[in-house]
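Worksheet: the structure to be examined is printed underneath.
The values are calculated or read from the model by the stated rules, or taken from the named source; none is laboratory data. Bear in mind that the values here come from a model prediction, so they are computed numbers and not experimental data. No Cβ is skipped: glycine too gets one built from the backbone with ideal geometry, and neighbour counts run over all protein chains shown.
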Amino acid sequence: MTETPMIGGNMIDFRKEFFADERPEKLNEIGKPTRRQDITGHVTGRSPFYDDHLFEGLLHMRCVRSPHHAARIRRIDTSAAERMPGVQRIVLGRDVPRNLNTLLSLLDFGIDDEPILSTDRVRYKGEPVAAVIAATDAQARDAVAAIRVEWEPLPHVLDVEAAIKPGAPAVLDIYPNNKFAYHGKYDHQKLRYGDVETAFRQADHVVEGRYQMSPIEQAPVETCGAIAAPEQNGRWVCYTSTQALFFSLGTAAKVLEMPSSRLHFIGGTVGGGFGGKVDSIHEPMAILGAMLTGRPVKFMWDREEEMQVGAPRGAELWIVKDGVMRDGRIIARQFTGYFDSGAYTRLSSYAVIKCVGHLPGPYTIPNVHANVYCVFTNRTPATAMRGFGITGVDFAIEAHMDKVAEAVGMNPIELRLLNAYRDGDMKAHRRIAKNCALIECCQVVAEKAGVKLAPHLAALASTRDGGGDRARLPAHTVTDENGRVQGYQPWSYARKNAPARDPFVGAPPPVQPPRAPAAGTPAVNAPPRADQPPPPPPPSPASPPRQGALRFSSLSGFRRR
Amino acid sequence: MAVTVETHGSVAEAARALAQGGVYLGGGTGIMRGVNAGAVQGRVVRSSDPALRVIRSTADGFSLGAGVTMAQVLGERDLAFLHAAARSVGGPQVRAMGTIGGNLFAPHPYGDFATALLALGARALMASGSPRNLDDLLRDRDRTGLVAAVEVPRPRDPRAFGFVKVQRVKPRGVAVLSIAAHLPREGGRLRGVRVAFGAMGPAPLRASAVERVLEGATLDAATIARAAQVAAEGLTPPTDPVATGWYRASVVGVHLKRLLERMV
Amino acid sequence: MALKPVTFTLNGNAKAAFTEDGQNLLDFLRRSVGDLSPKYGCGQGGCGACTVLMDGAPVLACLTLAEAAQGARIETAAGLAGAALHPLQEAFMERFAAQCGYCTPGMLMAARALLDRNPRPSRDEVIEAISGNICRCTGYEPIIAAILDVAEGRVRA
Ligand SMILES: Cc1cc2nc3c(=O)[nH]c(=O)nc-3n(C[C@H](O)[C@H](O)[C@H](O)COP(=O)(O)OP(=O)(O)OC[C@H]3O[C@@H](n4cnc5c(N)ncnc54)[C@H](O)[C@@H]3O)c2cc1C
Ligand code: FES
Ligand code: FES
């Protein structure tokens, strides 16, 4: 049975024959057009975006920005600007209560590395070093142009490979080799599963590829910004475009050294975010401006700033090497990956963690090895964007799959079908694959593309023939101490509840549970049914304990399953 | 500094005001961005003279007030030969606002309409009353007075005029380049050929090498091939986010060939 | 800096307010007049979020001097609905033609300008009419479908 309802202008093809026993019979919303609950405000122009709040006496804040990729700040002369019409206040780094932050400190991950307004050095073009608060935007612009900064340009590096060469200029003193320190131990995030080197020797073909992706700007139509104003009783109200309201609240409280109970954040109506509105730059600045002037202050990027200093999805560089058998089975895959974090950490170190959890892509490969680096360069700091940490490597993986298909003379869809995850397979990060659907997707793609599949491939199903041998952990995993770093505390990722356990020993392969039993209580790992409460999380030795862990689902996609 | 805006009732007054410094604002689609960003400071001069918005037919063509918008051009059936060029400028809002006077001064990569005017042999009528041919005006746009109107000769055979804009984003996109060709014929031979390129230099310019090939020739496959071959001769097109100079120089011949083939 | 009075009609109502030299119509409408429906997306003409109708023509409020509105008839998305919603608004709701909604007021006015001039546009004409407006969320298809619904009489007025 195939239904093709129209949603929006798009034909959506629902294939209800797949996984039919995993859904209740009647779906009330899925597959049916629905109205957004906020749509009336949108079509009448009444939805309250942050800039749609009027304040009598609103002041405007704009930043003085570095024209250099890297420079020392010798002197900032604000005297002429102070005397200009409409100027209320000039803000410098010394006015910021805690002028050093990393977004990830709220996740207990990473070291504070980024000034709100830099006082001594800039590390990317457009980095702010001062802010003007004036009565009008035009007056703020004129005063910004009148602030004289004496710069001493420094050597800079704009490319990840150049940045990790010995002798490259250090972007941040705390990471002298321009590489983030993972878990206080290594200069990269490791994934070790089996023994790729041995597998490469056994493979019929070894296929290598190099893939690169440029930074991508989220480019929301509404530029990032915030308006802050004094409320009574010592509180500050902040209207913001943030897409992570409580994250921005926490960041503002930290930077302003103020209990969050004194901050009243109003958001939720966001003019497009796509990941680019989590960096919480505008809220603390606007509130600081309101504190320093006692008046409502707006800090808003114009389009040029949004494009130049708005943090993009960072550039990535990938080197992928596969060992593949003549029949198309991929038996080993090795990655070397570089995320260009730009000048500061923001969320890139975490993007790497997410990325490595995704390797080697949706394919069952018995030997996987990855070294993934978070590299600092003098480019605009990078941050989240849709498919955070995943999009770049997926591009590399899927381009590489095509290359492998060519090497073994197979149709690329067939190659994917052959290697796709099936329910019950062991993934490289030692968890069991479930709710897989790549096989079915490939079959539909083949049908739509007019590719005739061999009968054995057309007959494959994600729910069949997984597990068993495919669920077995490698007999031996090769580990190493390469990339050891000294001098960092072994904190960072999930420090608060890091279990003392060696992931490379001991965990027996979990038993493959039957999928979606016909009746009765759902088995462990079965997908939750809508009409029943979800079962408690399984006590699987392969999954980390959950209690107490900070989950940050808008960024990480962490979910209880 | 800040901006002061003056509105003058006649073109002549606006010209006199401009002579003392300042910048003229037509439709504003080019200038207002700078006003918003604080890059334009000081005097901004406008004119409310209704003559600026008038389209008149003349003995051999049309006189278009400098304040005539692209949308106005598109609303005139008699100006059909200019419609492709007018439609190629921006989206509907930009065409409702942007003027032909402003298009003569639009910086690279803009000036698609001016490219068409150049190929048609149009003349600018300055506020002082003196005419100026567009070749000169476009070559030296910085020191020019106020343009009051543009006089466009009507092509005797509308099929002798062709225009194409090459863009990556459709339907609205910045020019990789644009080409306008006026190829009148006399007894099967091309006489009085004018070909202009947009976005192939700092301002729209004549494709002299192409014109030399076409003038006096018959428009056949061999001529077209020769014209395409010399298309980029003597040009150093600019590099910008839309295309590199190398790319522009490499593809201009291909697009010229396609346009000429359409006009055979 | 002198303040200049501007009198005009906004969505059919007579208005008067002061502008400062160099102020654009977008800022004027939003901050000086209080119609927050046109949006700022770029201030450069690139996004169309600020689109309003001026004497019936779609213009970019961010690139229009506020004082050029003297004597003009300005219409914005806030005035699109009468006692009932405008068919375009109904169609946008029905077709899921807005996600974040930030581009929507400008899109609606661009669409309105098209239908006023050409009540039965083709799909290509619809695409052309919104080519000056950027939407980062929807991928445009639902917007095109909504406008065509109105043009082809699938939404009642
Ligand atoms: C989103 C967008 C897309 C665009 N797309 C295109 C495009 O595809 N093709 C293209 O060619 N252009 C494009 N433009 C540029 C511009 O809109 C057009 O070139 C338009 O014709 C400029 O006219 P204007 O009246 O708005 O100019 P203005 O902004 O008023 O003026 C532009 C310049 O011309 C001078 N000027 C104006 N009128 C006169 C006059 N009568 N005498 C002397 N000097 C004068 C001004 O002083 C100023 O220096 C685009 C602009 C935007 C914002
Ligand atoms: S804000 Fe006017 S076009 Fe973008
Ligand atoms: S709905 Fe978000 S930009 Fe169009």
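Being touching a Ser or Thr at 6+ places or on another chain (Cβ under 6 Å) and either modelled with pLDDT of 95 or more or assigned to a helix (DSSP H, G or I) (or both) is the requirement here; does A:Pro48 meet it?
Yes.
What helices (runs of 4 or more DSSP H), lying completely within segment B:20-132, carry at least 2 residues that are more than 16 Å from ligand 3 (Cβ to nearest atom) and more than 10 Å from every other protein chain (Cβ to nearest Cβ)?
Because the criterion is at least 2 residues that are more than 16 Å from ligand 3 (Cβ to nearest atom) and more than 10 Å from every other protein chain (Cβ to nearest Cβ), the helices (runs of 4 or more DSSP H) in segment B:20-132 that meet it are B:70-74, B:83-87, B:100-104, B:112-119.
Quick one: which residue in B:Ser47, B:Ser57 is in contact with a His (Cβ under 9 Å, 6 or more places away or on another chain) and of a type outside the set (A, V, I, L, M)?
On the way: B:Ser57 fails: in contact with a His (Cβ under 9 Å, 6 or more places away or on another chain).
Testing whether each residue is in contact with a His (Cβ under 9 Å, 6 or more places away or on another chain) and of a type outside the set (A, V, I, L, M) leaves just B:Ser47.
Checking the conditions here, which among A:Arg313, A:Arg333, A:Arg329 is over 27 Å from the mean Cα position of the chain (by Cα) and more than 16 Å from ligand 2 (Cβ to nearest atom)?
Answer to the selection: A:Arg329.
Can we say C:Arg120 is more than 13 Å from ligand 2 (Cβ to nearest atom) and buried (at least 24 other Cβ atoms within 10 Å of the Cβ)?
Here the answer is no, as C:Arg120 does not meet what is asked.
Test of understanding: among C:Ala157, C:Ala145, which residue is away from ligand 2 (no atom under 16 Å from the Cβ) and either in a loop (DSSP other than H, G, I, E, B) or modelled with pLDDT under 95 (or both)?
C:Ala157
Quick one: would you say A:Val478 is at pLDDT below 50 and of a type in the set (A, V, I, L, M)?
The answer is no for A:Val478.
Being more than 8 Å from chain A (Cβ to nearest Cβ) and touching a Cys at 6+ places or on another chain (Cβ under 6 Å) is the filter here, so list the residues in segment C:42-100 that pass it.
Matches in segment C:42-100: C:Cys50, C:Leu60, C:Ala61, C:Cys62.
Quick one: in segment C:86-117, which of the residues that are free of Cβ contacts under 8 Å to residues at least 12 places away in the same chain and buried (at least 18 other Cβ atoms within 10 Å of the Cβ) is nearest to ligand 3 (Cβ to nearest atom)?
The selected residue is C:Gly101.
Taking the condition closer than 29 Å to A:Phe274 by Cβ and over 22 Å from the mean Cα position of the chain (by Cα), does A:Ala420 pass?
So A:Ala420 passes the test.
Does A:Glu231 satisfy being acidic (Asp, Glu) and within 16 Å of ligand 2 (Cβ to nearest atom)? Spell out how you get there, then give the answer.
Working: acidic (Asp, Glu): yes; within 16 Å of ligand 2 (Cβ to nearest atom): no.
Taking the combined requirement at face value, the residue does not satisfy it.
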